[in-house]
Amino acid sequence: MRAEHEAEATGAESGPGAESGPGAEPAGAGAGPGAAPDAAKSRRFPSITKDTARPEGHGRAAPGDALAARQWPMLSVLGATAVGLLLTALNHPRAGVLVIGVALIAASVLRRVLPQVGMLAVRSRFTDMVTYGLLGVAITLLALVMEPKPLLDVPFLEDAVRFTVR
């Protein structure tokens, strides 16, 4: 591929009539990436990738130092998670874990609603939504059944804990 770019930059021709002489290779005789430079290049993604794809929010939205402005969804989720961790550290574990769970649910909603979410976009939109949503719901449910005095009573949960702890 590098040879193709260098050939284009120097203006070298490559085609059936480009080289003629005793040492010239016939068209299509060579093997490798530069074998058929005159073949039409496809705009489709290759079936086998050779590199990682850029995340959806990779394009420049603003010049210079305004690039951080695109990161507000990720910063808001991280800020809410930090508040939840602080509440947990200050001896309010249920409120802290609940804030963290709600922050992940909000991340799922932001990923669905906003076209560009910066670094909140890690995988495909669907995978991010499902991952953030399931983790958020699971953490929120754990906060609601947390002892002492659970806010949500799940009848089979006590039996399951007794069965596993025996």
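State yes or no: is residue 150 touching a Leu at 6+ places or on another chain (Cβ under 9 Å), open to solvent by 40 Å² or more (accessible area, probe 1.4 Å) and more than 22 Å from residue 83 (Cβ to Cβ)? Let's see the steps before the verdict.
On the way: touching a Leu at 6+ places or on another chain (Cβ under 9 Å): yes; open to solvent by 40 Å² or more (accessible area, probe 1.4 Å): yes; more than 22 Å from residue 83 (Cβ to Cβ): yes.
In short, yes.
Cβ-Cβ contacts under 7 Å between residues 6 or more apart (or on different chains), taken from a first residue in segment 127-151 that is over 14 Å from residue 105 (Cα atoms) to a second residue that is open to solvent by 50 Å² or more (accessible area, probe 1.4 Å) and assigned to a loop (DSSP other than H, G, I, E, B), are listed as 144/150; 144/151; 144/152; 145/152. So how many residues does segment 156-166 have that are open to solvent by less than 100 Å² (accessible area, probe 1.4 Å) and without any contact (Cβ under 8 Å) to a residue 12 or more places away in the chain? So the answer is 3.
Could you look through segment 115-126, keep only residues that are open to solvent by less than 40 Å² (accessible area, probe 1.4 Å) and part of a loop (DSSP other than H, G, I, E, B), and pick out the one that is modelled with the lowest pLDDT?
In the first step, residues of segment 115-126 are kept if they are open to solvent by less than 40 Å² (accessible area, probe 1.4 Å); the result is 117-118, 120-121.
Restricting the remaining residues to those that are part of a loop (DSSP other than H, G, I, E, B) gives 117, 121.
Values: 117: 84, 121: 87.
Here the residue is 117.
Within segment 127-159, the residues that satisfy the criterion of being assigned to a loop (DSSP other than H, G, I, E, B) and of a type in the set (D, E, K, R) are 147, 149, 153.
The values are calculated or read from the model by the stated rules, or taken from the named source; none is laboratory data. Everything numeric here is computed off the predicted structure, so don't read it as measured data. No Cβ is skipped: glycine too gets one built from the backbone with ideal geometry, and neighbour counts run over all protein chains shown. When the accessible area is computed, the model is the full protein with side chains, heavy atoms only, and any ligands, DNA or RNA have been set aside. Shrake-Rupley method; radii C 1.70, N 1.55, O 1.52, S 1.80 Å.
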